[in-house]
Every structure is written in C-alpha cells, then in structure tokens.
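Single-structure report; data block below.
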Amino acid sequence: MIELEKVSKVYRMGTVPVVALDGVSVEIAAGEFVSVLGPSGSGKSTLMHLIGCLDTPSGGTYRLDGRRVEGLKRNDLAEIRNRKIGFVFQNFNLLGYATALENVELPMVYKKMRGRERKSKALELLGLVGLGDRAVHRPSELSGGQRQRVALARALANDPEIILADEPTGNLDSQSGREIVQLFRKLHQAGKTVIVVTHDKTIAAETRRVLNLFDGKLVSDSPNH
Amino acid sequence: MYYLKLVGQFYQDMRRQKLRTFLTMFGICWGTIAVVLLLAFGVGLEARSRQSMHGMGTNVVILWGSKTTMPFEGMGIGRQIRFRQEDAEYLERKIPQMALISAEYSKWNVKIIYKKNARSITLKGVQPSFGELRNIIPEQGGRFLNDLDMQHSRRTIFLGNKLRDALFGEGSNPAGRVVMLGGVPYTVVGVLQKKTQNSNYSGSDENMALIPASTFRGSYGHRYADNLVYRAVDPDLSELVNKDVYRELGRRFKFDPADKEALSLWDTTEGDRFIKYFFMGFKAFLAIAGVFTLLVGGIGVANIMYVVVRERRREVGIKMALGATGKTILMQFMVETFLIVALGAGVGFGFSAAVVQVFKLPIMSNVIIYVGTPTISPAVALGTMLVLGIVGFSAGYAPARRAARMDPVRALEF
C-alpha cells in the first residue's frame, strides 16, 4: 500500500530552487497495475524515485505499508529497496562485468542469502523471463530485449511487492517492448503492484489506472477499461 | 564467486588506468623497499659495527696508571702510579663484580726470527685470561697461553695471524715450531683466528706476539705492566666496577679515589652504549624516511581511488538501488585499495628479500665486511606491514566513504 499525501520535492540547482513535485496526493493499493504518464520534466521520474525510496520528499508524507518513509536512515531505505521494491530502468542498468546470473543474484547478495539458494533462485527467475539458456552471458552478449528481461528477473529477486519501471521500453524495439509489457501484465496477474513510468500512451493503455503528471502536479487519475 | 568477480573488476579498473595504477603501485612498492631495505642495512651495519668494535674485546675496560693530581694523606702530587700483576690479582680478589682481569706488559721493536724471516714487532706479556678478554681465539690446531705456561714461565708464544703469514707463510700452522726472540727460542702454541678489529690501543692484534707475563718479566726485567685489562660480570656493572677500582687502587697506592687523573681508563662499554643509541637514532631516521616514502605512495593510492570511485558512480547507484548499504559500498572500495597496496607491497617485499639474498652471495663478501649483512628482521617486516595497513586504510577510507555517501538518484543519472 503506497500512500502519498501532499508530497513535494524541491531541488536546488545552485541557489535556484526547482520544484519537481508539487503537492501530489495519491494512493496505490497492493496489486494495482498503474502507469504514470507525462512529458519530460513533469516530475514522473522524481515520483518514481520517491516511491522507490531512492529519495525522500521535501514536504508531505509518504507511507509505505503504513510506515512513514521520510526521516528514515539511509540503511533503512536501502533495506526497503532491497526487500520491497524491484527497479526496472530505461537503460537496463546491469553490471557490465557480471553475467546475467550474477546480475540477478545481486539483490540476494545484499539480503545475505546463501550462495546455493541464491543461484537456484536466480536460475528460476531467468527461466521465468525466458532466458534460462543465457545465464552465463554478459550483458554485452545479449540483445536489448534480453537485457531488459535480465533486469526484470533481477527486480524480482527478493520477491518484492512493488515493481517500479522507468520507461522500460524506451530503449527497445516495439516487439521487445511488447514482450516486456506482457511480462508486466503477468506480474500484475500474479499479484504484484506494478508501476510503469512512461510517456508512451500505448503502454499506458495496457495498465488499469493512469496517473497524469504535468509540471509536478497530478492532473488526472483515471481508471482504464 | 561474487567476490572473485570483485577482484576481476578490480583488475579491469586497473587495466583501464594502466599507467596511473602502475605508478601508484610503484609508489607503494618503492616505499616498502625503502623501509625494508633501509632498516635491513641499518640492522646489518649495527651488527657489523658491534662485531668490529668487539674485535678488541667485548665490554672490556683498559686501565693505565697515571700521575696523581691531588694530595692525599700527606703525599704530594705528581706521583706515578704503576701496576704489577699482583695488583690485578688484588683487584680480582677485592671486587666481586670483576669477571676477568689481566695485566699486560709490552715491549716495542722486538725482533722475531724464524729461519730467514725476521720482523720487528710489539711483544706482549699477558695472563691467560687476556685471550678471553680480548676475543683472541686460536685457529684450529693451536691454543692460547694457559696457566701452566704462566706457572712455569714457559717460553711459549702466541702469534697474530698477519705475523704468522709473514714468518711461516699464509695459512700455515706453525704450532710446535720454534721462533727466536733476541736469541732466545720460543715455541709457538697457536695463531690468532682472523678477526675484524676497528679499535686498538697499542697496535692491531694480528701483528703482535704474546708470551706469558711471568716469562716476560723474567726475560725483559720489566717490573711494571703497561696496563690492565678487565671486564665486569655485566656491562651495566662496568661503571660500578670502575668506581671500585679507583677505591681499591686508591687504598693500595694511597691516592684520593676522587682523583680521576691518577688512573687513565678506557671503558669500551661506553662505545657499546654509544653504538646502541647512535643506531637507535639512525634506525629511527631510516624508518621515518621510509615511512614518509610510503605515505607519499599512499597519497597516490588515494588519488587513483578517487578516480575509480568517480568512474564507477553509476555502478554505485545501481547497487544502492538494489539495496546495497553504504557499508557494503565502502567495503568494496576498501578491499580494492588494500589490493593495490598489497600488490605493491608484495612486489616491494620480494625485491627487498632478493637484494638481501644477493648480499649473501660469496662475491659480496668484500662488501659486507664494511656494510654488514643486511637482515630483514621480523620486527621490521611486521612494522612495515602495520604501516602499510595504516596507509591502505587512510588512502582508501576517504574515497570509499565518498562512494558510500553518494546520493543514489544522482549516481544513477551519471
């Protein structure tokens, strides 16, 4: 359960304050499939960073599963990211020197899971995204779509409740993009909360709820279908 | 596996910054060599200096009689103090901390002849304890003068090794041969084993000949010894014994024990103490010089770690997003720093050990006479490792902490 109440975020660019989010209030229940739409600079990435506990709000309150996030220590935020949230980025953000398997294992390393357990879980997840035969390949040996699927498997490593995707299809051809969106749909059906940040309306159309951001404000919140 | 990968990545980072990494490791390597080798040579040189000084005898005191300068019990000043062998025996009886003592009689320009070889030498009459006092060790197949020689005033003679070379030929064993001293035959009993001696008071031992003090007195009619040589049971007691010597001889010869000029005394334990403190300072200087070289190397390591952290900001961001804590990131960069330091230090230690080994080769034997045998002592090795650890920690901590404190959002944007 994600509860944002009048959340704002102000950055300082030198001495000039820049308002990235301006009093956004929204609730996202567990198991929802939500897209966040908006042009660049609308604050959707900032919103995702806040929801993903990569950053804390400058004002307002954010409760994740009833726990207030602002004021938490860095280590607590790291633990929340590790256990509750899986990130999928536009540019994949895989570690270039590690194999697909090792990339998927990484969140489990931080959870201090034991090696054998970690490996079998990572193989299972790679199988789930259809890359069971690519485990020992490095990212440079994989196609864009395959890389994003490795990233998705990594996001699922510690069974998080929430999957946060930031323009996940932005660097993919349309076929690979559709496959990724299909995987999100599957995750949603499996009960995960999936939040996709995008400026692509066709992807937004796949989700059950669309949040529209503009100039750091939530301008519409409408159900799909 | 993951940690192996970390090492693998470390290797890749290092390759990307080949020259810089090489220079950095070279800095640490050079620093290690500086500390280890400087101290190894310091230790060797100290041992050598001690050994050379002990060529004259370990912790011995040489005592000459001189003239009184203070009136005492009705006696005037300017009286000459002269020793006999009995005075040595008296001191040995009276002073319990006196370990060994010998009277030493000398005669200059004595002609010694063996067949057609003749040399003019300094001849000394000594007691058997003289050998041990002055580190005079006989070569194999010979012996030093003994108590029987003394008791029976035997005409036995002990030769310096150079003198033996001149009379009998290099390396020969003349024990049992007869040499002539002023027309009187003496039987050679032994030859001095070659020793390094950097100090003396009447010529180097290698050119002398020694006969029993009793024989000397009988042959040359000397009533007085030139000097006494003695050693306290412990070098730290040497000063105490010297005081007792003044008191006892003062009583015997009737001079004021406070009259320092009445006796002339050379306490070589002072030299030992000097060497001890000189080398303490010398080694401290060498250590400081080496440690500063290491610190400069450490600055190089810190510099390259800042570059590595900067280049890997994005990776740090990814790891943070996946739940890595600051501590995990910190550890990763610390491990890398220690790897650089350990590699540089390993090469440095290896090189130093090799240099030390080279000095143990036979062809270096002429060099080590002067500089001693360099030795890597366990204390030096341990101390260097400790300093390296501190350098590694200091060099790695600041860059690693910068990585650990990065803002994940900004790190990911990079």
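Pick from the range B:292-301 the residues that are in contact (Cβ under 8 Å) with a residue 24 or more places away in the chain and surrounded by fewer than 18 Cβ atoms within 10 Å (Cβ to Cβ): which of them is nearest to the other protein chains (Cβ to nearest Cβ)? Among those that are in contact (Cβ under 8 Å) with a residue 24 or more places away in the chain and surrounded by fewer than 18 Cβ atoms within 10 Å (Cβ to Cβ), it is B:I299. Within the option set A:V136, A:V129, being crowded, with 23+ Cβ neighbours inside 10 Å and touching a helix residue (DSSP H, G or I) at 6+ places or on another chain (Cβ under 7 Å) holds for one residue only, A:V129. Can A:G96 be described as surrounded by fewer than 15 Cβ atoms within 10 Å (Cβ to Cβ), farther than 20 Å from B:A403 by Cα and within 9 Å of chain B (Cβ to nearest Cβ)? Taking the combined requirement at face value, the residue does not satisfy it.
Going through the range B:356-414 one residue at a time, which ones are part of a loop (DSSP other than H, G, I, E, B), within 27 Å of B:G300 (Cα to Cα) and free of Cβ contacts under 8 Å to residues at least 40 places away in the same chain? Answer for the range B:356-414, where residues must be part of a loop (DSSP other than H, G, I, E, B), within 27 Å of B:G300 (Cα to Cα) and free of Cβ contacts under 8 Å to residues at least 40 places away in the same chain: just B:D407.
Within the range A:139-167, the only residue that satisfies the criterion of being over 22 Å from the mean Cα position of the chain (by Cα) and of a type in the set (D, E, K, R) is A:E141. Per the conditions (1) in a strand (DSSP E or B); (2) among the β-branched types (V, I, T); (3) within 20 Å of A:F214 (Cβ to Cβ); (4) touching a residue at least 24 places away in the same chain (Cβ under 8 Å), the sole criterion not satisfied by A:V18 is (4). Of all residues in the range A:154-172, those that are touching a Gly at 6+ places or on another chain (Cβ under 7 Å) and assigned to a loop (DSSP other than H, G, I, E, B) total 5.
Scanning the range A:102-117 for residues that are at the interface with chain B (Cβ under 9 Å from one of its Cβ atoms) and part of a helix (DSSP H, G or I) yields A:E102, A:E105, A:L106, A:P107, A:V109, A:Y110, A:G115. Taken together, the residues in the range A:62-93 that are in a strand (DSSP E or B) and either more than 10 Å from chain B (Cβ to nearest Cβ) or at positive phi (or both) amount to 6.
Every condition in (1) more than 9 Å from chain B (Cβ to nearest Cβ); (2) of a type in the set (G, A, S); (3) in contact (Cβ under 8 Å) with a residue 40 or more places away in the chain is met by A:A157 except one, and the failing one is (1).
Listed here are the strands (runs of 3 or more DSSP E) enclosed by the range B:142-237 that have at least 3 residues being under 36 Å from the mean Cα position of the chain (by Cα) and modelled with pLDDT of 90 or more: B:156-159, B:184-191, B:209-212, B:227-232.
Taken across the range B:260-276, residues that are under 23 Å from B:T384 (Cβ atoms), away from every other protein chain (no Cβ under 14 Å) and either free of Cβ contacts under 8 Å to residues at least 60 places away in the same chain or among the aromatic types (F, W, Y) (or both) do occur, with at least one present. Under the condition of being in contact with a Leu (Cβ under 8 Å, 6 or more places away or on another chain), aliphatic (A, V, I, L, M) and within 14 Å of chain A (Cβ to nearest Cβ), the residues counted in the range B:329-364 number 0.
Just for the range B:319-328: of the residues that are surrounded by 24 or more Cβ atoms within 10 Å (Cβ to Cβ) and in a helix (DSSP H, G or I), which one is nearest to the other protein chains (Cβ to nearest Cβ)? Among residues in the range B:319-328 that are surrounded by 24 or more Cβ atoms within 10 Å (Cβ to Cβ) and in a helix (DSSP H, G or I), the one nearest to the other protein chains (Cβ to nearest Cβ) is B:A321. Being surrounded by fewer than 22 Cβ atoms within 10 Å (Cβ to Cβ) and of a type outside the set (S, T, Y) holds for only one residue in A:D166, A:D173, and it is A:D173.
If the condition is being within 28 Å of B:F130 (Cβ to Cβ), in a strand (DSSP E or B) and touching a Gly at 6+ places or on another chain (Cβ under 9 Å), then the range B:60-89 contributes B:K67, B:Q80, B:F83. For the range A:142-163, residues that are touching a strand residue (DSSP E or B) at 6+ places or on another chain (Cβ under 8 Å) and either buried (at least 24 other Cβ atoms within 10 Å of the Cβ) or not polar (S, T, N, Q) (or both) total 11. Return yes when B:A403 is buried (at least 18 other Cβ atoms within 10 Å of the Cβ), within 14 Å of chain A (Cβ to nearest Cβ) and not charged (D, E, K, R) and no when it is not. Judged against the criteria, B:A403 is a match.
The values are calculated or read from the model by the stated rules, or taken from the named source; none is laboratory data. This is a predicted model, so every value here is computed, not measured. FYI the Cβ positions are ideal-geometry reconstructions off the backbone, even for glycines, and counts take in every protein chain you see.
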